[in-house]
Structures are given as C-alpha cells and as structure tokens.
Amino acid sequence: MSDILAACGRALWRLPVSRLALIAVGSAWVVQLLFLALLPAPLLENASTDYRQFYEPVARNVLAGRGLTLDSGALGLTYPPGIPLLYAAVFAASQLVAAPEPVSLRILELLLTAAMVLLVFAIGTLVFGRAAGFAGALILATYPIHLWNQKQPETTYPFAVPILGAILVILWWERSGGSRSVLSGAVCGLLLGLSALFRPFSLLLGLALAAGVFGLFRALPAGQRLVFAVSLLAANLVTFAPWVLHVRTQTGLWLPLSNNGPASISDGLVFGGGRSQHGLFETGPAPLRRFLRETAAALPNLHGTSELVGHVIAEAGRNPAGVAQLAFFKAARSWYGTDSGMWERHILLLQIPYLVLMIFGMKRAAQDGDPQRTFLWLALLVLAYFWAVTMVALTILRYMLPVIALLMVFPGRLLADGLSSPVTKGSHESLLLSR
C-alpha cells in the first residue's frame, strides 16, 4: 500500500503547478457540494439575520435605483457598502440570465471558495513549495467550519479574499527583490481597502501590514520598504475614502465605514448580552459574573466607543480580576465562539487538532530559517491583529476565519514532509522566497 501511495505521490508532484491548483479547486468544490447535499434541509435555511435585515434589502434598493438605502429611505450605515453592492450585482446577473437568485448566490459562494483555495495554494507554494501549498489548500477545503459557513450567503469570504490577495502581493514583491514598489504597494493597499468596504474589521490592517513590511523585510533596502509602505497606505485610504466622504455629505457624520462599532463592542463586553447561551452570567467565575452584571446594567447609559472604553477602564480599577477574566475568556472564545453560544464545546474539540497542527507547522517553519521565518512573523502579525479586533468586538470564531485560512499553510508545511518525494523536494527548493 505504501508503494502505491508513493507512486501516486510521485505522479501528482510531476504535474505542473497550474494543474495542481485546478485539482485543489475541483476537490474543494466536490467536498463543498457533497457537504451541502448531505446537510439536512432545515440546516440549509439561511439563518443570517444580517442578510435578511440589511444586506438583501439594501442590495434590492441599489438594484431599484434608490442607492445604498434601507427600506425606510435612510442611508444604510449599519455595515459598509461592499456586500450590498456585491449582492446587487448577483441579483442583476440573475435577472439577466433568468437564473434563480439562490442558484446565483450558490455560484458566488463556489467562486469565493475557489479564490480562497487558490490563494492559500499560491501562498503556501510560494513560501514552502507545492506540496505544502497543495496540502494547505486541501486542509482549508475540508475544514468543517469553512464548509458550514458556506451553506448560506456569508460576508467572511468576500472580506477574506482581498486580504489573502494582499498578502500574496507582499510575498511576490519581496521575492522580486522589492521591484515595482509603488505599484505593488498600491495594489496591496487597494485590496485591503476593498476588504474594509466588505467588513470594517480590516480598517487598520493596512497600517499594521505597512509597519510589518518595513520592519520585517530587512533584506530589502529601507527606501524600497518605505515606498511600498507609503504606497500601501495611500491606496488603502483612497479606496474607502469616497464612502466616508459620501456618508459625511449625507449625514454630517464622520464614520469609520459603518456606525455599528459601538454596538459590536457592547455585545462583546457581555458576550451578546443574553442572546447567547454560554452561561457565563450564571456559571463563570465570581469576578467575571460581577463584571457582566454591572456592565449589562450600565450599557443603556453608555453611548459611543469612548464611553465604553471608559467603563472598562473604570471596571479595571474596581474589579481587576473580572476584567482579566473577561480578557481570558474572550481570547479563548475567539477560537470557538458562536453568535448563539450553541455547539461551542463541540467546536472547541474540533478546533484542537487544527490548532496543534498550526503550532507544530509554525515550529517547522521557524526551523526552515529565512525567508520562511520572516513569513511566519508576517502571519503572526496578521493573527495578532485579527485576534485583538475579535476580542474587542463580539468574540466569535467567524471573525477569525480569514486569518485561519492563512494559517492553514502551516499544517500544509508540516504535512509536506510526509507528502514530499524527490521530485517535490526539487520543486520546493526552486519555489522558495530566496533571491
């Protein structure tokens, strides 16, 4: 049996990289469609209240020529405009070809899956070689949380694809010796700005990555790194500035892409304020229970981000143990939390093997030396950013999925040692980010 597997492996690694990428995408589609076919009909129903209450109505108003507005006529500010515009385009395409809208939305999810898998494959291949890229792409394609989130229109993947694309641009720019720094930085910034228009989580990611590029890629001249970072920030700002200015002219308000930030932070401070069934109000440690009770009582009188931050600072003085326990639980729930609080223990058990593989894959990447170690630090920077933002907001696993997709290249790297044949190892060395 081992000889048969080895022979299959050798035949696989002799294929061109483009053929491997197509196999990865085809495998992802087969797994996704099979998962949807096996899922009971009640679970296939669209349970997203955000879709029903905001994204779909705003998209239909765009299609009707009323602009990015709610049914009330007010400008839709709960979320940025990217998702409603995307769904409006899907609905328009459905009308054009006389296709049912659910079918068109399903095709959109399949295309987003293909983009995610291809980007993970490309990043893994560029850094660690084709075996690692292929393995990482398949791990993502079969990741149960990914499959579950693709059962309905989901904002995570339109948001994640530009971020992974921006990271790929950074890696290609580094591999090319820092050539075309202005163009590469601008493309990277544009992609990050586009992601922020889908979900405001990445509003400051451009700043973090600009600092990371300048601080991590020290093998490149400082001038090239500075030009890339400045181009990134400028293009990032230019991408979402028109929406910010439009909101300003329509409402007189300066909003960072949407007005839902304080509400998300409020939910995060009390784990959904009773909407979820996590039980921390009743079963958590006493200092945490005290913090949750006092915060829930104070929330109706707290308006805006500054007042929420002030409340947490005041609580840290009165109840430091409660605030510390809040931070601990939010850090942990980032990896398994759900909107409803249901199935969290099952998700945690499911996550453990993936997290273990990620950690050991990171250790293996560190042992590889540079430039793999530099990529590891870049990935950890993105992880730190997403983890911090998820802890500030309503702390749920769904918000971590973009960075989890990126981190799948590390289990891919770990498994590549077992998948590699002599052919693979030769390809691996030719695809490293060395100059």
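Annotations
- Theoretical gain in end-to-end length, Thr142 to Phe35 [0.36 nm per residue, Cα-Cα removed]: 37.6 nm
- Fewest-first ranking of Ile145, Ile83, using other Cβ atoms within 10 Å as the exposure measure: Ile145, Ile83
- With the simple spin-label model, which puts each label point 7 Å out from Cα in the Cβ direction, the Ala74 to Leu183 separation comes to 4.6 nm.
- Full-stretch length increase - Arg248, Arg345 - with 0.36 nm per residue and alpha-carbon distance subtracted: 30.5 nm
- Based on C-alpha pairs under 8 angstrom that are at least 6 apart in sequence, region 77-166 has a relative contact order of 27 percent.
- Residues Phe91, Phe121, Phe159 arranged by fewest to most Cβ contacts within 10 Å: Phe91, Phe159, Phe121
- Mean-square fluctuations from a GNM of the chain, with a 10 angstrom spring cutoff on Cα atoms, peak among Val120, Val244, Val187 at Val244.
- Degrees between helix 82-97 axis and first principal axis of the chain (Cα, 0 to 90, nearest 10): 70 degrees
- Total charge dipole magnitude, region 279-332, about the Cα centre, Cβ charges on Lys, Arg, Asp, Glu only, Debye to nearest 20: 120 debye
- The residue among Gly369, Ala314, Leu33 whose Cα reaches farthest toward the positive pole of the charge dipole of the chain, with charges on the beta-carbon of Lys, Arg, Asp and Glu, is Gly369.
- Helix 372-392 vs. the chain, principal-axis angle (Cα, 0 to 90°, nearest 10): 20 degrees
- Among the chymotrypsin sites (Phe, Trp or Tyr not before Pro) within region 25-60, not one is in coil by DSSP while having at most 12 neighbouring Cβ atoms inside 10 Å.
- Region 239-259-region 299-329 distance, computed between alpha-carbon centres (Å): 28 Å
- The stretch between Leu110 and Ala296, if pulled fully straight at 0.36 nm per residue, gains 62.9 nm over its current Cα-Cα span.
- Förster radius 25 Å - calculated FRET efficiency between Ser27 and Val103, Cβ distance, rounded to 0.05: 0.70
- A simple spin-label model places the labels of Thr283 and Leu226 5.7 nm from each other, with each point 7 Å out along Cα-to-Cβ.
- Residue exposure sequence - Leu407, Leu302 - by fewest surrounding Cβ within 10 Å: Leu302, Leu407
- The relative contact order of region 279-332, computed from alpha carbon pairs under 8 Å that lie at least 6 residues apart in sequence, is 43 percent.
- In nm, spacing of pseudo-spin labels at Leu237 and Glu307 (7 Å Cα→C-beta vector): 3.1 nm
- Unit charges on C-beta of K, R, D, E only; dipole of the chain, Debye: 760 debye
- Ellipticity estimate at 222 nm from DSSP helix runs (n ≥ 4, -39,500 (n - 2.57)) divided over the chain, nearest 500: -23500 deg cm²/dmol
- Counting only alpha carbon atoms, the long axis of helix 222-251 and the longest principal axis of the chain meet at about 30°.
- Whole-number percent relative contact order across the chain, with pairs defined as alpha carbons under 8 Å at least 6 apart: 22 percent
Only the coordinates and a few stated rules stand behind these numbers; no lab work does. Note that the structure is a prediction, hence the values are computed from the model and not measured. Positions of Cβ are backbone-derived with ideal geometry, glycine not excepted, and every protein chain shown enters the neighbour counts.
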